[in-house]
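Reading through the structure tokens given below for one structure.
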Amino acid sequence: MTESNLNNFWSLLPSLPSSSSFSLSSLSRSPSSLLGIGALASLTAYWLVTRPRPMHPPCDLNAQSISVLQGEPNWRRSALLKDDALLEFYYDDTRTAYDMFQRGLRVAGNGPCLGFRKPGEPYQWISYTEVAEQAQVLGSGLLGKGCQPNPEQFIGIFAQNRPEWIISELACYTFSMAVVPLYDTLGEEAMVHILNLGKISLVICDKEEKAESLLGNKEKGVTPTLSCLVIFNDCSDAIVERGKNCGVEILELTQLMHIQLVCHLYYPLCNRFMYQFFLSISQGSFFIRQEDVSISYLPLAHMFERMIQVSMFCHGARVGFYQGDISLLMDDIKTLKPTFFPVVPRLLNRIYDKILGSVTSPLRRAVLHYAVRRKQAELSSGVVRNNSLWDRLVFNRIQANLGGNLRFILTASAPISPTVLSFLRATLGCLIFEGYGQTECTAGCTFSMPGDWSAGHVGAPLPCAMVKLVDIPDMNYYAKNGEGEICIRGHSVFRGYLKDEEKTAEALDSDGWLHSGDVGQWLLNGTLRIIDRKKHIFKLSQGEYIAPERIENVYMRCVPVLQVFVHGDSLKSHLIGIVVPDPEVFNDWVKERGIIGSYKELCQHPDVKKAVLEDMTAIGKEAGLKSFEQVKDLHLHPEMFSVSNGLLTPTLKSRRVDIRRVFQEQITNMYSTTAI
């Protein structure tokens, strides 16, 4: 250090003697000097101990996936693997869903497992030991009703998520039976198809109303195999009598559990092999496979949720269920104070909109954005925390609204805006991961890597799967350019659709690769970005190819939009859209623009349509949509697309042909009046 630099250093400590006269004797005659050095040393030590440290990633973040074959850069696996052998089981002693819960039981013992609450009351918890005992008793009751302990015995569960759902599921797994979840959104036709294809004789329901809907089908003679309905709650004498008249026994859950007393000693456990029982993404066909891991059918959003629940049990976690009323969900979250929050992107979009909407003052908004930038700077260096100065001053209330205890969030089932993802990673101060997959590959095939807090991709392949890209010449996507249709192969990929070889051949090629229909792009760091959709593409009159689902995913980020259908005609040069506004936010959003009316009246108001179109156009421009990819006119429709009205598939995908047919008059009018 030069003499001038040394003088500058001492000038920062005015209580100390100057450098020229500094000596031990002068220091001993100056108590304030000792205090100054002590304070400086203490502050330095405190900073060294408490300074934020970056998370150490499990692999090189610049090479998160590795080419499987030399010269084949588009066929990749996880960098977490030592070689090309894919991971089959994470724990050697955990090979079935039954094993997963048993491991959680060993970890947690008598600790809390399933939680529920009534409005305004604290959560009540059922312990792991109690859940295991109840599942054993209920499973024995199923055997007592003639259900066979083998994976070809399908048990239906027609209920909302609640502790009894999980206990019923575990009861089936305990005796190697397969679970078939049923949902209101499937519609009557799909429900009948499922019951008949699986030859389901016993269905467990949460409410009498659902049992009555199943009895209606039995009375019509369209579900001949149905012979027993079990209801979680008390049931009336009237429904018992109605069931008796059509050959269906009606039992309460407690009655079924009493049946086990005379039979449970005579049946061994057979939990080695479990079946997967799924519904196809588009056609409503089941698919089935025999493997050591069992997850029952759900559309990806529900499948994702069920996967999370089962995997959480493996580690002895507790799972709390909300009260069933979406308006009370935030109250449940505050009460439960979760550490882990699996969520679909739409809810994260709402949280993002509410945060920005709550900040009206220009000064407060400027402070918020500055604080976000400072936290994002920390994220870019690998630091994730919720105890910074900005967390205490700016983000504390936001984090408290989600319980104040969140450690990480997982989002999947639909794309999430990079802007929203980066913003929430900063404001919530927790780990937020994004995954990608589909039902046919057991929910997930890629996952963002811990330590990589960049946005705009869905991570690298999971250790259980390989991913490759294949050419799509019609869309000008070629694997040699690192772009193409995403194909998945590995232990998590299904074996085929039940009793449907034709659809199986469409999804799986001869080498076992699952063709997803999504278009991906490998990034330089080995992560995957979803850039397009292969299916449902069409061409406009000027020759431009359009992938409507990708455009719809962009427009779904708009605050007032709940559902959207983008339509184009090969004889026309532009797109139009059918939009269902979100009834929860639409009226308030329109009111801010000085327009008042009922939900249906607002859907017919020309100024409202103009405002929604402008908002969609702005979001589209922000997302990089080209001019020909933007809708030029739209129709606001006040009724949701649903399975019951024939506009959604059982897995909640748009029935594009049916939507075009239903809205043909509006489509014709829009094309006749829109001048381009």
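Tabulated data
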| item | result |
| --- | --- |
| Residues that are more than 18 Å from Cys228 (Cβ to Cβ) and open to solvent by less than 40 Å² (accessible area, probe 1.4 Å), drawn from region 127-164 | Ser127, Tyr128, Val131, Ala132, Ala135, Pro151, Pro163 |
| Test: residue in region 505-514 that is surrounded by fewer than 22 Cβ atoms within 10 Å (Cβ to Cβ), farther than 29 Å from Tyr671 by Cβ, outside the structural domain of Arg660 (by the TED database) and hydroxyl-bearing (Ser, Thr, Tyr) | yes |
| Every residue from region 362-384 that is open to solvent by 60 Å² or more (accessible area, probe 1.4 Å) and assigned to a loop (DSSP other than H, G, I, E, B) | Ser381 |
| Residue among Ala45, Ala97 that alone is over 27 Å from Gly451 (Cβ atoms) and without any contact (Cβ under 8 Å) to a residue 12 or more places away in the chain | Ala45 |
| Selection from region 68-93 of residues that are among the small types (Gly, Ala, Ser) and either touching an Asp or Glu at 6+ places or on another chain (Cβ under 8 Å) or loosely packed, with under 15 Cβ neighbours inside 10 Å (or both) | Gly71, Ala79, Ala85 |
| Neighbours by Cβ (under 7 Å, 6+ apart or cross-chain): first from region 136-165, among the basic types (Lys, Arg); second open to solvent by 10 Å² or more (accessible area, probe 1.4 Å) | Lys145/Ile259; Arg162/Phe116; Arg162/Phe321 |
| Pick from region 187-224, criterion among the polar types (S, T, N, Q) and over 18 Å from Cys147 (Cβ atoms), ranking: surrounded by the fewest Cβ atoms within 10 Å (Cβ to Cβ) | Ser213 |
| Qualifying positions in region 110-139 - at pLDDT below 90 and either farther than 14 Å from Ile166 by Cα or not assigned by the TED database to the domain that holds Arg162 (or both) | Arg117, Lys118, Pro119, Gly120, Glu121, Pro122, Tyr123 |
| Top-ranked residue in region 465-497 [being open to solvent by 30 Å² or more (accessible area, probe 1.4 Å) and in contact with a strand residue (DSSP E or B) (Cβ under 7 Å, 6 or more places away or on another chain); ranked as modelled with the lowest pLDDT] | Arg495 |
| Enumeration of residues in region 524-547 that are touching a residue at least 24 places away in the same chain (Cβ under 8 Å) and open to solvent by less than 40 Å² (accessible area, probe 1.4 Å) | Asn525, Gly526, Thr527, Leu528, Ile531, Asp532, Leu540, Ile546, Ala547 |
| Those residues of region 604-617 which are assigned to a helix (DSSP H, G or I) and either surrounded by 14 or more Cβ atoms within 10 Å (Cβ to Cβ) or outside the structural domain of Phe628 (by the TED database) (or both), in sequence order | Val608, Lys609, Ala611, Val612, Leu613, Asp615, Met616, Thr617 |
| In region 556-588, the residues that are within 22 Å of the chain's Cα centre (by Cα), surrounded by fewer than 22 Cβ atoms within 10 Å (Cβ to Cβ) and either outside the structural domain of Gln630 (by the TED database) or among the charged types (D, E, K, R) (or both) | Asp582, Glu584 |
| Filter result (hydroxyl-bearing (Ser, Thr, Tyr) and either over 21 Å from Phe175 (Cα atoms) or part of a strand (DSSP E or B) (or both)) within region 111-135 | Tyr123, Ser127 |
| Which listed residue, of Phe154, Phe158, is of a type in the set (Phe, Trp, Tyr) and in contact with a Cys (Cβ under 8 Å, 6 or more places away or on another chain) | Phe158 |
| Qualifying position, being modelled with pLDDT of 90 or more and under 26 Å from Ile488 (Cβ atoms), among Ala97, Ala79 | Ala79 |
| Selected residue [of a type in the set (Ser, Thr, Tyr), surrounded by fewer than 21 Cβ atoms within 10 Å (Cβ to Cβ) and either on the phi < 0 side of the Ramachandran plot or not assigned by the TED database to the domain that holds Phe313 (or both)] from Thr174, Thr96 | Thr96 |
| Breaking point among (1) part of a helix (DSSP H, G or I); (2) hydrophobic (A, V, I, L, M, F, W, C); (3) open to solvent by less than 30 Å² (accessible area, probe 1.4 Å); (4) at pLDDT below 95, for Phe628 | (3) |
| Single residue of region 39-62 satisfying the filter (open to solvent by less than 70 Å² (accessible area, probe 1.4 Å) and farther than 22 Å from Val383 by Cβ) that is modelled with the highest pLDDT | Ala41 |
| Region 433-460, subset without any contact (Cβ under 8 Å) to a residue 40 or more places away in the chain and open to solvent by less than 20 Å² (accessible area, probe 1.4 Å), residue nearest to Ser388 (Cα to Cα) | Phe433 |
| All positions within region 385-412 that are under 24 Å from Leu336 (Cβ atoms) and in a loop (DSSP other than H, G, I, E, B) | Arg385, Asn386, Asn387, Asn401, Leu402, Gly403, Gly404, Asn405, Leu406, Arg407, Ala412 |
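So that you can scan it fast, the table gives a plain yes or no per residue for (1) open to solvent by 40 Å² or more (accessible area, probe 1.4 Å); (2) at pLDDT 75 or above:
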position: Met303; (1), (2): no, no
position: Gln309; (1), (2): no, no
position: Ile326; (1), (2): yes, no
position: Met330; (1), (2): yes, no
position: Phe340; (1), (2): no, yes
position: Arg346; (1), (2): yes, yes
position: Thr360; (1), (2): yes, yes
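The values are calculated or read from the model by the stated rules, or taken from the named source; none is laboratory data. Here the structure is a predicted model, which means the values were calculated and not measured. Note: ideal-geometry Cβ built from the backbone for every residue, glycine included; neighbour counts use all protein chains shown. Note: areas computed on protein heavy atoms with side chains; ligands, DNA, RNA excluded. Shrake-Rupley method; radii C 1.70, N 1.55, O 1.52, S 1.80 Å.
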